[in-house]
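The structure appears right after this line, and notes come after that.
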Amino acid sequence: MAEPLLIVEKVDVYYGAVQALRGVSLQVHEGEVVTLIGCNGAGKTTTLNTICGLLRPRLGRVLYQGNDISRRPAHELVRQGLVMAPEGRGIFPNLTVAENMDLGAFTRSDKAGIAADLERGYALFPRLRERINQKAGTLSGGEQQMLAIARALMARPRLLLLDEPSLGLAPLLVKTIFETIDRINGEGVSILLVEQNANAALKHSRRAYVLQSGEICQEGSSEALRDDPAVRAAYLGGQ
Amino acid sequence: MDFTQLLQNMTNGVAKGSCYALVAVGYTMVYGVLQLINFAHSDVYMLGAYFAYWPAKWMGYLPDEKGGRAQDVPLALVGLFVVGSMAACAAVGALIERAAYRPLRHSGRLAPLITAIGVSLLLEYGGQMVFGTEPRLFPTFVEAQSYDVAGVKFANTSIIIVVTAAVLMGALTLFVNHTRQGRALRAVSHSFNNARLMGINVNATITMTFMLGSSLAAVGGILVAMDQPTITPLMGLRMGLKAFVAAVLGGIGSIPGAALGGLLLGVSESVVAYWSTTYSEAVAFLILIGVLLVRPAGILGSSAREKV
Ligand SMILES: Nc1ncnc2c1ncn2[C@@H]1O[C@H](COP(=O)(O)OP(=O)(O)O)[C@@H](O)[C@H]1O
Ligand SMILES: [Mg+2]
């Protein structure tokens, strides 16, 4: 197999004196969807923030496309296709839908490409097109999530980090979001997905890691993890 | 009641308020991104006047010691002096941010505030050391004229002040609302991290914010200097207070708020001055206290985390 697109190598992350990640290692290969599951407070968001450059590991390193990026600022990584749709969606409520989409393409200057991607984004989520001049803060939760994903795609990601994209959404919308994740992946974007909705996430990914109290406690194929009794008991409601 | 005089005061108030607005917008933009009151801003305004004064003095556009007549500065040179002063103040604003505020970015809100007061004092007393304490006569950038409309006098300087302020505030609004960098500024004022995730260089955007505010303050300084026409190293004290009140009145963080607040304050002061010039100065304080009591977020301000 080729060199993985992303390698997180024995990473320790602290908030002040409090350690949030202990020796976390994971990999994402080109074209994969990889899921990271874990309880509230396990360190999932911390892991994603460390990968995308918002946090610095005290020990260990992060390799993206073969380069050590653990000391690179987040805004530079976006240019290299490492893009995150953050927890809580991270949209700009006082800006319109169109302005949010434009900001997604902030690092790009290829006008024709941007226009084509805008079209593609609105085709993916027609509801956004209807609300193009509306302030993003007035959108429903589901629409905000659509905007967060569509906006992330505007940066032409090679690796997309999604932090709990289905959080707080109605079941039908959750289905739409996961179908969209499949589609985006089908277009060649590698995805690292963080979810509390472990059942759906494991169905839509190839491999998965389980994070517990800042440590990876299990990893394997998503299918195998779904059948694992311990995982079922802890993350799939014991069904 | 003398309505002509009252009207006269109001038109003067609009000119005064336009200057407040030009300075207030710098307070409001910096507050919008950093939640910091940049006390040194009013001293950058003072520097703006001096940065236009010096080259004019060096080139001999001021009365000499022997009482030679002051010369008018040619229009092209005026433009050059104004742009030069804007650029110099932009550099000073960027330097203040880089040297004084950025190192304290993660030290809570009190430390940068105290530092801001320190930088302000440094510029005021440093200014007195370098420029001397005595007021200086500002060169004649435009020959004073005045037009009479139904008994109300319109000084050409007042007209220049209002038009310049309106054009600059309009340009700033267009920039913030309709350009990539303007969108970046609004994104940063909402959330540093979310802006970073868009690929926005937050530090560069903050630097740009200081440069914009400082260059508008420079123009404010020059306009007031033209109108007075004397300048002193402490001229920022009064303007700082008024512009800050204007920003709070309009809603700190809001650019249209700064414009509205400046105009309201300028006109109220001038209207009160119709009855009493003594009390007109107190108006700023009364308005500040009133606004803080009734509507702490200001007229156009939102209490939400949404600024600029
Ligand atoms: N900004 C922060 N400051 C201090 N502690 C934090 C901060 N963010 C998260 N933590 C702590 O780090 C741990 C991991 O949090 P997080 O990565 O958000 O977990 P998850 O996303 O899995 O719910 C938690 O114990 C949390 O309280
Ligand atoms: Mg989280």
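The values are calculated or read from the model by the stated rules, or taken from the named source; none is laboratory data. All values reported here derive from a predicted model rather than from experimental measurement. Using ideal geometry, Cβ is built from the backbone for each residue, glycine included, and neighbour counts are taken over all protein chains shown. What goes into the accessible areas is simple: the full protein's heavy atoms, side chains included, and nothing from ligands, DNA or RNA. Shrake-Rupley method; radii C 1.70, N 1.55, O 1.52, S 1.80 Å.
Listed values, structure above:
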read-out	value
Distance between the range B:107-131 and the range B:74-88 - C-alpha centres, whole angstrom	27
Total accessible surface hidden between A and B, rounded to 100 Å², 1.4 Å probe	1900
Rg ratio (alpha-carbon, reference 2.2 N^0.38 Å) - chain A	0.98
Net charge dipole size for the range B:26-235 [Lys, Arg +1 and Asp, Glu -1 on Cβ; Debye, nearest 20]	900
Angle in degrees between helix B:180-190 and the longest Cα principal axis of chain B, rounded to the nearest 10	70
In degrees, nearest ten, helix B:255-275 long axis to first principal axis of chain B (Cα)	40
Virtual spin-label span in nm between B:MET59 and A:ILE132, 7 Å along Cα→Cβ	4.9
Order by protection proxy (mean Cβ within 10 Å, highest first), peptides A:67-78, A:93-104, A:222-233, B:214-225	B:214-225, A:93-104, A:67-78, A:222-233
Per residue accessible area of chain A, 1.4 Å probe, in Å²	41
GluC sites (Glu not before Pro) within the range A:110-201, DSSP loop, no more than 11 other Cβ atoms inside 10 Å	A:GLU187
Stretchable slack from B:SER146 to B:GLN71, in nm (0.36 nm times residue separation minus alpha-carbon distance)	25.0 nm
Cβ neighbours within 10 Å from other chains - mean over A:67-76	3
Considering only the protein assembly as shown, percent of DSSP beta bridges that pair antiparallel, nearest 5	55
Alpha-carbon radius of gyration plus Dmax, which is the widest Cα pair, for the range B:26-235 in Å	19.0, 63
Theoretical gain in end-to-end length, B:ALA171 to B:ASN193 [0.36 nm per residue, Cα-Cα removed]	5.1 nm
Other-chain or far-sequence residues with amide H under 5 Å of A:MET84's (modelled H)	A:LEU161
Spherically averaged projected area of the protein assembly as shown from its Cα convex hull (nm²)	30.7
Complex-versus-alone comparison for the range A:106-122, residues with a loss of 30 Å² or more in accessible area, probe 1.4 Å	A:PHE106
Length-normalised contact order for chain A - Cα pairs under 8 Å, 6+ apart - percent	27
Average partner coverage of A:88-99, which counts Cβ from other chains inside 10 Å	4
Residues in the range A:90-118 reached by a label modelled at A:ARG183 [backbone nitrogen below 18 Å; 7 Å Cα→Cβ]	A:101, A:115-118
Sites B:VAL163 and A:GLN65 - FRET efficiency at Förster radius 45 Å, r taken between beta-carbons, to 0.05	0.25
Residues of the range A:13-30 with amide N under 20 Å of the 7 Å Cα→Cβ point at A:ARG58	A:13-26
Where labels lie 7 Å past Cα in the beta-carbon direction, separation of B:PHE3 and A:ASN199 in nm	7.7
Heavy-atom accessible surface of the protein assembly as shown: percent carbon and sulfur, 1.4 Å	60
